[in-house]
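Report on the following structure.
Each reported figure results from applying straightforward, stated rules to the coordinates on display, with no laboratory input. Computed from a predicted model, the values in this text were never measured in an experiment. In this analysis, Cβ positions are derived from the backbone assuming ideal geometry, glycine residues included, and neighbour counts consider all displayed protein chains.
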Number of protein chains: 2
Amino acid sequence: MKGKATSFDIAHYAGVSQSTVSRALRNSPLVNEETRKRVFEVAKQLNYKVDKNASNLRTQQSSTLALLLFEDPTADESQINPFFLAMLGSITRACAAQGYDLLVSFQSTSADWQADYEDSHRADGIILLGYGDYVDYQAKFSSLIEQNTKFVCWGASVDNRPDLTVSCDNYGGGKLAAAHLLRANRKDCAFIGDASEHSPEFFARYQGFKDEFNQHGITLSERKMANAISTEESGYHATRSLIANNIHFNSLFAASDLIAIGAIRALKEAGIKVPDDVHVVGFDNIAVASFTNPPLTTVQQDTTLAGQMLVDNLLKLIRGEVVENTLLPPSLIIRGSSI
Amino acid sequence: MKGKATSFDIAHYAGVSQSTVSRALRNSPLVNEETRKRVFEVAKQLNYKVDKNASNLRTQQSSTLALLLFEDPTADESQINPFFLAMLGSITRACAAQGYDLLVSFQSTSADWQADYEDSHRADGIILLGYGDYVDYQAKFSSLIEQNTKFVCWGASVDNRPDLTVSCDNYGGGKLAAAHLLRANRKDCAFIGDASEHSPEFFARYQGFKDEFNQHGITLSERKMANAISTEESGYHATRSLIANNIHFNSLFAASDLIAIGAIRALKEAGIKVPDDVHVVGFDNIAVASFTNPPLTTVQQDTTLAGQMLVDNLLKLIRGEVVENTLLPPSLIIRGSSI
DNA sequence: CTACATTATGACACCGGTGTCAGGGTTGAA
DNA sequence: TTCAACCCTGACACCGGTGTCATAATGTAG
């Protein structure tokens, strides 16, 4: 046998036409049971597999989804944000459960990313994932919508299209963190992260956090905020700069766990004790969080559910069904860094 | 414009034949420069993208690789081994660098996994990754080879085909770990992991470890070995059972970092101090390792290089080039758990 | 001016399936 | 006996590209 078997080969050996082979293999009710059996046997013997390219070409769909992972351009090349890796895992599983394949692709946030997986008929839809500067992306989103490309987006909202977003209730998560610190009477709080509209998720976390404090009659000081992207390094440097400027605080809310871990390192280095001197709360509950010293209190995002919802919503969009905005409830995981 | 543009649409608007469009877009030297320019303009205007299915069908190749990730069936559903996630990241990058797409798929080690991505022409080759029980897989490997499926395998060797394997020098890594413990005179050592032929990687690590001790005239006691798969839980329980049996040791080598982290938890719980009472060394250098308490000494595998080599070797196999067995050098990362 | 190489293009078969349509064979009722 | 209904199957166009071959147009040498 030279090359891979085609449906014609099977037709030949089974003594039927190629049309019948195709029908038999796809369990068309039109085919006689005996014929089907014979076809299946020959197919198995020849180790026949349907050529997906031919099949997809004809049916104009691919049973494949594409995942675009945006990385913070300044992040260390070698390490990928563990939160997104966890998401990737759950998305892969959710795809498999639905009988879809998953194409994974990394995109640099800075570069002019392309979402041509659907245009080229390689995928039926696209999942966008990352802590990107979504402000820059709204134009891109518009053109995707215009081209009728099916996509869903994690975290950030798409103008006028709430149905295209799945996200954690970042605002509510921020409130959870604030309430926790307030219960321990740690009212003098620093915030590390980007609270601008460029990082909508971080922004929402900060808003919820601030509002909860406000509702307790406390106004957070702008001086106690430091900008950081979601890396350990960035969290470390931001916190160092606060310390260097002699800014005092007895608690710290980081916009992500990686930032929190960097913050803890900076605090320790400065001889500031966690949690005795400063209570620290992060966001995400990445795997590392439970192993830090002290273990990190954090707001957990349910990545398993998130992956499922992204895939489910995208498939609904592809099928033309109506999708509603999906907000997933966060939960507070209390560990040693704030007890 | 209804539906997506095809090369015929472009041909129509550019006033040339469809053949010429195809040639122009693929920069064939046969096409006149002006014609090409016109074609490109029209293509851009219509937002044309080559239909990959049609293209792949005709050329019989897909510019896509498939990654099969095997999970330990007993591992926690929700969490994926961080070492493999790191590999996934580097493989994705390596693929992108070579202009290939990557299909990711999780496979349960227990189930009868299928590698039909190549048979169905969806991928040009397959990367196998996981701590599977490779003994069971040799038959599968044989049939893959017989069908002329292109694949490379991380870690475990394929009978008679060293060129299909990329792995870390696990034996050498084991020796590194042993030499390190011996330098600190921690000769009374426990081993946690599976040292059977079912886990060839763990087995090699143990062999190297043992041989290094032997070369120093020390024979490791079988009583101080406990079986574990690569999870924190498993490492925890294995270590607990050693302690429960009153087995004494002043150092511990774990076949993987996750196991080591579980072991540290068990030791702490039993009031045994790390590193004072017991030095602990792991294997992999996963991201968590530097955040444990104390930070974990471990044998590092270069995941970036590993991903590159897997992709490079696979592409060579696909192109019919000769590939040599690839052994990547490990390196020892010394941290607080053994100082 | 003829002979032949060179360049640019179009026509067409082909990749391996899917879906439609027509038709052969059997059965059963009129 | 005839006709319809039903079941099953084969022939064939089609999806959207790629690659080969033929050919027209232009150039170049003898």
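With both residues required to sit in the protein assembly as shown, DSSP beta bridges show an antiparallel share near 10%. By the rule of a C-alpha distance below 16 Å, with chain neighbours fewer than 8 residues away ignored, the aspartates and glutamates paired with A:LYS187 are A:ASP211, A:GLU212, A:GLU222, A:ASP276, A:ASP277. Please give me, ordered by residue number, the trypsin sites (Lys or Arg not before Pro) of region B:1-54 that lie in loop per DSSP and have at most 12 other Cβ atoms within 10 Å. Taking region B:1-54 and a limit of 12 other Cβ atoms within 10 Å, the loop trypsin sites (Lys or Arg not before Pro) found are B:LYS2, B:ARG26.
On a 0 to 90° scale, report how tilted helix B:257-269 is relative to the longest principal axis of chain B, with both axes built from alpha carbons and the result rounded to the nearest 10. Once rounded, the angle reads 30 degrees.
When you filter the trypsin sites (Lys or Arg not before Pro) in region A:226-308 for DSSP loop state and at most 11 other Cβ atoms inside 10 Å of their Cβ, you are left with A:LYS273.
By definition, a body whose alpha carbon gyration tensor gives a ≥ b ≥ c is oblate when a/c is 1.5 or more and a/b is not larger than b/c, and region B:199-241 fits this oblate description. Of all DSSP beta bridges confined to chain B, the antiparallel ones make up roughly 10%.
For a straight C-alpha distance cut-off of 15 angstrom, the aspartates and glutamates reachable from B:LYS44 (same-chain residues fewer than eight places away being disregarded) are A:ASP116, A:ASP119, B:ASP9.
Of the residues A:PHE83, A:GLY155, B:PHE151, the one whose Cα sits farthest toward the positive end of the charge dipole of the protein assembly as shown, with +1 on the Cβ of Lys and Arg and -1 on the Cβ of Asp and Glu, is B:PHE151. Divide the volume of the convex hull around the Cα atoms of chain A by the residue count and you get 166 Å³ per residue. The Rg/Rh ratio for region A:269-309, using Cα coordinates for both the radius of gyration and the Kirkwood hydrodynamic radius, is 1.13.
Note on region B:156-217: Kirkwood radius taken over Cα pairs, Stokes-Einstein applied at 37 °C and 0.692 mPa s, translational D equal to 266 µm² s⁻¹. Students often get this wrong, so check it: of A:LYS4/B:LYS150; B:LYS175/B:LYS224; A:LYS52/B:LYS150; B:LYS224/B:LYS273; A:LYS49/B:LYS150; A:LYS49/A:LYS316, which have C-alpha atoms separated by over 20 Å? Too far apart for the 20 Å limit: A:LYS49/A:LYS316. Taking Cα atoms only, the orientation of helix A:170-183 departs from the longest principal axis of chain A by about 30 degrees.
Each Lys and Arg Cβ is given +1 and each Asp and Glu Cβ -1; about its Cα centre, the protein assembly as shown then shows a dipole of about 560 debye. Distance distribution P(r), the protein assembly as shown, all Cα-Cα pairs, bin width 20 angstrom from 0: 17, 45, 31, 7, 0 percent.
Measuring gaps between exposed loop sites in chain B (GluC sites (Glu not before Pro); DSSP loop; at most 12 other Cβ atoms within 10 Å), the longest gap, sites not included, is B:198-320. Note: region A:7-50, Cα convex hull, 55 Å³ per residue. What is the magnitude of the charge dipole of region B:7-50 about its Cα centre, with +1 placed on the Cβ of each Lys and Arg, -1 on the Cβ of each Asp and Glu, and no other charges, expressed in debye to the nearest 20? So the dipole magnitude of region B:7-50 works out to roughly 140 debye. The largest-to-smallest principal axis extents of the Cα set in region B:299-339 are 49, 15, 8 Å.
Between the Cα long axis of helix A:303-319 and the first principal axis of chain A there is an angle of about 50°, rounded to the nearest 10.
For region B:182-339, the pair-distance distribution built from all alpha carbon pairs, in bins 10 Å wide starting at 0, is 11, 39, 32, 12, 6, 1 percent. Look at the alpha carbon pairs under 8 Å that are at least 6 residues apart: their mean separation over the length of region B:7-50 gives a relative contact order of 39 percent. Relative to the globular-protein estimate of 2.2 N^0.38 Å, the Cα radius of gyration of region A:127-266 stands at 1.15.
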